[in-house]
Amino acid sequence: MIIDCHGHYTTAPQALADWRKRQIDSLSNPALAPSPGELVISDDELRESVLNAQIRIQQERGTDVTIFSPRASFMAHHIGDANTSETWASICNTLIHRVTTLFPNNFIGACMLPQSPGVPPENCISELERCIEEYGFVGANLNPDPSGGSWKEPPLTDRWWYPLYEKLVELDVPAMVHVSTSCRSCFHTTGDHYLNADTTAFMQLLKGDLFKDFPTLKFIIPHGGGAAPYHWGRFRGMAQDMKLPKLEDKLLNNVFFDTCVYHQPGIDLLTRVIPVDNILFGSEMVGAVRGIDPETGHYFDDTRRYVDDVSGLTAEERQKIFEGNALRVYPRLAAALEKRA
């Protein structure tokens with residue numbers, strides 16, 4: 001089985017974006033805010049939105065199931081207040097649940113959290129519990145920068161985050177560390193903002209001692225870990241200078257990377273630098289890069305092709321990347337797959 005750990009509902013019907021625009025437009029006059037019940041999307045519209053997109057691509061590329069979450073750039077936690085985010089997260093997560101119910105053989109859910117700048121993370125616990133316990137989701141997306149580029153929150157290792165981590169551990173679900181829209185013109189949302197955030201999260205975890213307090217907490221850093229694999233020597237050297245344990249001892253029982261790297265040399269480097277046990281297959285399709293690479297004639301985000309073509313990987317190592325590591329990092333996934341079967 002090939003499990004894609006990184007998929008977003010980027011093809012949701014236009015009605016969702018229209019409802020969100022009304023919500024944002026009403027921030028200056030809450031009396032005009034649309035109710036969740038005013039968002040009407042039929043099952044047929046949901047089917048149409050994925051059949052010729054994610055599901056078609058799964059079939060063409062030979063992948064089996066995608067861990068599916070709301071569109072990351074749409075989370076936009078910096079907009080409005082906690083109530084705004086709570087309503088928006090609930091709507092988006094419910095749509096994910098409906099898609100996974102319509103297509104249980106193709107999608108398993110992961111939720112967005114109703115984060116808001118300056119609001120304590122325990123505010124997210126109720127929605128997390130709802131999605132995991134009622135909807136059967138297996139993971140969550142955690143935004144380390146809900147301000148959208150200002151980085152106002154404490155680092156991920158700060159005790160400010162601990163109530164949410166306690167619940168993640170209790171529910172036995174990992175978090176994908178994933179920012180949302182950048183509200184700063186100097187940062188491109190899916191380009192430098194995403195990759196900067198991945199690298200920043202890794203550095204925060206390196207400097208802190210979070211996993212001494214939460215030895216079973218698991219994070220997936222997407223997009224191949226940002227700059228971490230490429231600058232592994234720099235991070236190893238800084239850890240050594242700071243008299244910290246080796247990276248493999250300090251972080252790699254808890255921190256994992258996906259394969260959302262869109263060229264063969266990048267995947268080759270990832271698999272050479274990062275232990276195979278810490279790499280999960282991911283594609284992010286249909287996501288940030290949707291075109292065909294003119295140098296290869298294949299889609300940039302066809303990441304299965306890159307993993308297949310890595311020289312030196314054994315069949316057992318590929319099985320870990322494609323399936324085994326996801327089952328280990330997402331402890332609820334096996335039960336969800338059994339229901340799918």
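The values are calculated or read from the model by the stated rules, or taken from the named source; none is laboratory data. Since we're looking at a predicted model, the values are computed, not measured. Glycine also receives a Cβ, built like all others from the backbone with ideal geometry; neighbour counts cover every protein chain displayed. These accessible areas exclude ligands, DNA and RNA; they are computed on the full protein's heavy atoms, side chains included. Shrake-Rupley method; radii C 1.70, N 1.55, O 1.52, S 1.80 Å.
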For a protection proxy built on the mean count of beta-carbon atoms within 10 angstrom, sort 43-54, 308-319 highest first, please. 43-54, 308-319
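How high is the FRET efficiency from Asp309 to Asp64, r the C-beta distance, R0 22 Å, rounded to 0.05?
Working from the Cβ atoms, E equals 0.70.
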Per the rule of 0.36 nm per residue minus the C-alpha distance, extending Asp18 to Glu134 adds in nm 39.0 nm
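How much FRET efficiency would the formula 1/(1 + (r/R0)^6) give for Lys207 and Asp172, where r is the Cβ-Cβ distance and R0 is 30 Å, rounded to 0.05?
Efficiency computed from Cβ-Cβ geometry: 0.70.
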Rounded to whole Å, give me the distance from the Cα center of segment 14-56 to that of segment 292-341. 31 Å
Counting only residues 5 or more places away or on other chains, whose amide H sits under 5 Å from the amide H of Leu280 once H atoms are built in the peptide plane? Phe257, Asp258, Thr259
Which of Leu333, Pro229, Ala315 sits farthest toward the positive end of the charge dipole of the chain, with +1 on the Cβ of Lys and Arg and -1 on the Cβ of Asp and Glu? Pro229
Karplus couplings for segment 245-251 from phi (6.51 cos²θ - 1.76 cosθ + 1.60, θ = phi - 60°), rounded to Hz, Gly and Pro as x? x, 4, 4, 5, 7, 7, 10
Note, segment 85-90: 3J(HN,Hα) by Karplus (6.51, -1.76, 1.60, θ = phi - 60°), whole Hz, Gly/Pro = x, goes 5, 5, 5, 5, 4, 4
Using the structure shown, list the pairs from Lys21/Lys218; Lys152/Lys250; Lys167/Lys212 with a Cα-Cα distance above 24 Å, or answer none. Lys21/Lys218; Lys152/Lys250
Could you pull out every Cys in the chain that lacks a partner Cys with its beta carbon under 4.7 Å away? Cys5, Cys92, Cys124, Cys183, Cys186, Cys260
Roughly what percent of Cα-Cα pairs across segment 175-327 reach past 19 Å? 55 percent
Å² per residue, accessible surface of segment 192-317 at 1.4 Å: 46 Å²
Taking placed amide H atoms and a strict 5 Å upper bound, the residues 5 or more places from Ile108 or on another chain that come that close are Thr66, Ile67, Phe68
Per residue of segment 289-304, in order, report the coupling 6.51 cos²θ - 1.76 cosθ + 1.60 (Karplus, θ = phi - 60°) as ³J(HN,Hα) in whole Hz, putting x for Gly and Pro. 10, 10, x, 9, 6, x, 7, 10, x, 10, 5, 4, 8, 7, 6, 4
In units of 2.2 N^0.38 Å, the Cα radius of gyration of segment 1-50 is 1.51
Candidates Glu86, Glu153, Glu133: whichever shows maximal mean-square fluctuation once the chain is modelled as a Gaussian network with Cα springs under 10 Å: Glu133
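Tell me, what is the per residue accessible area of segment 42-174 in Å², probe radius 1.4 Å?
That works out to 36 Å² per residue.
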By the Cα gyration tensor axes a ≥ b ≥ c (a/c under 1.5 gives rounded; else a/b larger than b/c gives prolate, otherwise oblate), the shape of segment 1-85 is prolate
Given a 1.4 Å probe and every protein chain left where it sits, what share in percent of the accessible area of the chain is carbon and sulfur? 49 percent
Which order do the peptides 193-203, 208-218, 23-33 come out in when sorted by mean C-beta neighbours inside 10 angstrom, highest first? 193-203, 208-218, 23-33
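Assigning unit charges at the beta carbon (Lys, Arg +1; Asp, Glu -1) and nothing else, what dipole magnitude in debye, to the nearest 20, does segment 88-207 show about its Cα centre?
300 debye
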